[in-house]
Every structure is written in structure tokens, then in C-alpha cells.
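The values are calculated or read from the model by the stated rules, or taken from the named source; none is laboratory data. Just so we're clear, the structure is a prediction, and the values are computed from it rather than from any experiment. Every residue, glycine as well, gets a Cβ built from its backbone with ideal geometry; the counts of neighbours run over all protein chains shown.
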Amino acid sequence: MTASPDWSIDHNICFVGFGEAGEALSGGFKSQSPVAWDQKLSSKVFGFRERIQSAGFQPALSLEDGLVGIDWVVSLVTADQAAIACEQVCSSIRSDFTYLEMNSCSPGTKRSNARMVTDAGGVLADVAIMSPVNPSRLDTPLLVSGPSAEDCVNFLNHFGYNASLCGPDVGQASALKMTRSIMIKGMEALSAECFLTALRLGIQPEIIASLTESFDGFDWLRRGGYNLERMSKHGIRRAAEMREVVATIHETGLSADMTCSTVEWQQRIGDLALDPDTEDLAKLSRLLNEKLS
């Protein structure tokens, strides 16, 4: 009988990527003297090193420096950088390690990354982040699949995370995440198309009233504003995720016509580079319409 790992001992942990998700999900590991590497460190983005330090992490001098003697790699980069980050880690690391692949990638991308990790002497766990990381932070639900999933769930929960076992195969957790995003991110894109059109036609209040009547209990005024705010702040990152969703759909043999349009709307609004401090639907609609004219 295999002994259960001792999670009370110190673990050497490196975060690769320290954006919104990395910062929000960093808190559980403060006691482990963790390190972090992000490309922004090499470009000396103002205040970024201090931001990592304020989270209780040590900024690495380089990716190679951050990976010295590491037991756990936590990958939290943008979806379009997930395979690149994994390849860089696997070519640099020199210790046995577990790779927590937490990026919004297709099952195929995660399986490909798992093969790279295996060839480098490690094991990959497919971790899907199943809700916005803020304000939930450590309470954000995480689904974990792969051959080491049970150990990874126990490891994460030992440090205060909200992880659940999804299955024994890499790709199972990401399949749920990607398929869910068809609807969640697609509704955001439809919100933009619907409410911006309604504003230009001068019928936005009537459209909100009609939708509210048709979908009993659904607050379209609040949700519409939230959706536009999310796209404005994170559209580029969401577009990258939705390209992985398109890949997921194609992996099943289906077309992805609707989701390709979601990619276009997320990218279009993300490219405006807005950072609104409001979720007011009317204000956001006017602002976006001005920028899209």
C-alpha cells in the first residue's frame, strides 16, 4: 500500500505567470516561500516586482532561476501562451516535478503539454478554474483530472483551495471548462451585439424589459452591464481562451460557427483597451458605441 504524501513538509513552488489569476490564487502558498516568474519581470514593468513581493512571493531572476529545485509548477499564463510556457519549463527544469496546468486550454492542448511534462520527468495535472477568480480567490472552484489528480486535490485543499476530483485522464477537467465557456463567453458576446444594437436603435430600455419578461428572474440590466465590463477589461484574454474553445469543438468533429463569432466580439472589444470602473449598462453601451463608431 502506497503511503499518502506528507503535505506538512515544505514544498518548493513556482508560479509561471502572475496576472490576475496568479495573484488571486497565490494566497494559499505564502507559508512555502514560493517564487514566481512572469515575462513582465524581464521587461521591467513598473511596480510588477513589488506586486509579486507584496503577495508573499519571491520574484525569480529568470525562468531557469525560478525552477531550481522546484517540486510544483503552477502555470497561470494566457491561453495562447500555455503551450509555449510548458515547453520553456520542460526545457529548463532539472528536478522531479508536478505541473499544475491551470490555463484555459482545449483538452488536446493539455494532453500535448502532458506529453512534454512526462518526457521531462514530471507529471501534469489538468486543473480547470470554474468561475471568476475575483472576488472568490481561494474559494474559486477548481476541477482536477489526470493520473496524479487525487494527490493534487489533496495538496491544493491542504493549502486552503477549493479543489475537486474530476477524473483520471488529462483533458477531462478542461473539457468541462471549455464546453461551459461556449455558453458563458458566448452570452457575453451576444450581450454586446444585442445591447449595442438596441442603443443605436434607441430601444435599449424596451429590450431589457422584454428580455426580463421572457426570462423570469434573470436581471438583464445587471447582467448586461457585467458582461460588457468583463469584455472591456478582459476581452483579449477571453478571445485567446475562446480560440481554445474553438479547438475543443473541432476536436469533437463539429464546426464552431457561433464560437468563432464569440472570438471576434471578445477580441474587438478587448482591442479598444478600455478599463471601465462601472458595470452600468447604459454608460458602458454609450462608451463602447462611441469607440466602435
Legend entry - Residue identified as β-branched (V, I, T) and more than 21 Å from N289 (Cα to Cα) among T248, T262, T197: T248
Inset, instruction - Would you be able to tell me the number of residues in region 212-268 that are surrounded by fewer than 14 Cβ atoms within 10 Å (Cβ to Cβ) and of a type in the set (G, A, S)? - result: 4
Legend entry - Filter pass, P59 being modelled with pLDDT of 95 or more and surrounded by 21 or more Cβ atoms within 10 Å (Cβ to Cβ): no
Inset, instruction - Within region 196-208, identify whether any single residue is closer than 17 Å to L287 by Cβ, basic (K, R), within 26 Å of the chain's Cα centre (by Cα) and in the same structural domain as D257 (by TED's automatic domain parsing), and answer yes or no. - result: no
Inset, instruction - Run L228 past the list (1) over 16 Å from the mean Cα position of the chain (by Cα); (2) within 20 Å of C105 (Cβ to Cβ); (3) among the aliphatic types (A, V, I, L, M) and report the number of the one that doesn't hold. - result: (2)
Inset, instruction - State all residues of region 273-289 that are surrounded by fewer than 14 Cβ atoms within 10 Å (Cβ to Cβ) and either within 21 Å of the chain's Cα centre (by Cα) or not assigned by TED's automatic domain parsing to the domain that holds G186 (or both); if no residue qualifies, say none. - result: A273, D275
Legend entry - Which numbered condition L288 fails, given (1) assigned to a loop (DSSP other than H, G, I, E, B); (2) touching a residue at least 40 places away in the same chain (Cβ under 8 Å): (1)
Inset, instruction - Collect the residues in region 44-98 that are closer than 22 Å to A240 by Cβ, more than 20 Å from the chain's Cα centre (by Cα) and in a helix (DSSP H, G or I), keeping them in residue-number order. - result: L63, C90
Inset, instruction - Count, please, the residues in region 1-27 that happen to be small (G, A, S) and surrounded by 18 or more Cβ atoms within 10 Å (Cβ to Cβ). - result: 5
Legend entry - So R243, is it part of a helix (DSSP H, G or I) and closer than 20 Å to R180 by Cα: yes
